[in-house]
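Q: Got a structure here, written out as C-alpha cells. Questions coming.
The values are calculated or read from the model by the stated rules, or taken from the named source; none is laboratory data. Since we're looking at a predicted model, the values are computed, not measured. Heads up, the Cβs are rebuilt from the backbone with ideal geometry, glycines too, and the neighbour counts pull from every protein chain shown.
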Amino acid sequence: MSFILTEANRHDVTQLLPLVDAVPSVRGKRGHPRRRFDRVQGDRGYDSEPHRRQLRRRGSRPVLARRNTPHGSGLGVYRWVVERAESWVHQNRHLKFRYDRRDDIHEAFLAIACALICFNWLEDPFC
C-alpha cells in the first residue's frame, strides 16, 4: 500500500506515475525483490497514452478505461477494492476532514491509518 498527499485541486492523472513508483519492493521468492505490478487499473480519469507507455516501460500492463467509450469494460468488477480501501481510511474522522494546517501531521496520520489497514488485513484477510 502506498499513498501520496497532494492538494485537493490536483488532477489524479498527474499523480499516477509517482504513486506507482512510491510502492516499495515486495519480498517473496528468492532473487531480486519485485518492484512492478502485473497490471495497473484505473478509471477514465487516468486515460492518457503517455501514461500507458510509461506503465508499459515499467513492466506493467495498463488496464485504464478509455474516454468516450461505453461502459462495460469490466473495471467496475474490481474497482470496489480501491473504493473499500478509501472507505477504510475515511473511517478515521481525523482523515476524512482535514483539521491540521501542517502537511507533515496529516501525512503521519495517513501513514498510521494505512499501517492499521495493512495490519488488520494480515490479521483477517477475508474481511
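Q: Residue 38 versus (1) over 22 Å from residue 111 (Cα atoms); (2) surrounded by 10 or more Cβ atoms within 10 Å (Cβ to Cβ): which is the lone unmet condition?
A: Status for residue 38: all satisfied but (2).
Q: Tally the residues that are modelled with pLDDT of 80 or more and either under 18 Å from residue 22 (Cβ atoms) or of a type in the set (Asp, Glu) (or both), restricting the search to region 110-127.
A: Quick first cut of region 110-127, residues modelled with pLDDT of 80 or more only: 110-120.
Cutting the leftovers down to either under 18 Å from residue 22 (Cβ atoms) or of a type in the set (Asp, Glu) (or both) gives us 110-115, 117-118.
Summing the residues that are modelled with pLDDT of 80 or more and either under 18 Å from residue 22 (Cβ atoms) or of a type in the set (Asp, Glu) (or both) in region 110-127 gives 8.
Q: In addition: Please go through region 7-46 and pick out each residue that is among the acidic types (Asp, Glu) and more than 26 Å from residue 103 (Cα to Cα). Before the answer, list the steps.
A: Going residue by residue through region 7-46, those that are among the acidic types (Asp, Glu) are 7, 12, 21, 38, 43.
Correct list: 38, 43.
Q: Are there any helices (runs of 4 or more DSSP H) wholly within region 33-108 with 2 or more residues that are modelled with pLDDT of 80 or more, and if so which? Outline the logic, then answer.
A: Values: elements: 49-57, 75-90, 93-96.
So the answer is 49-57.
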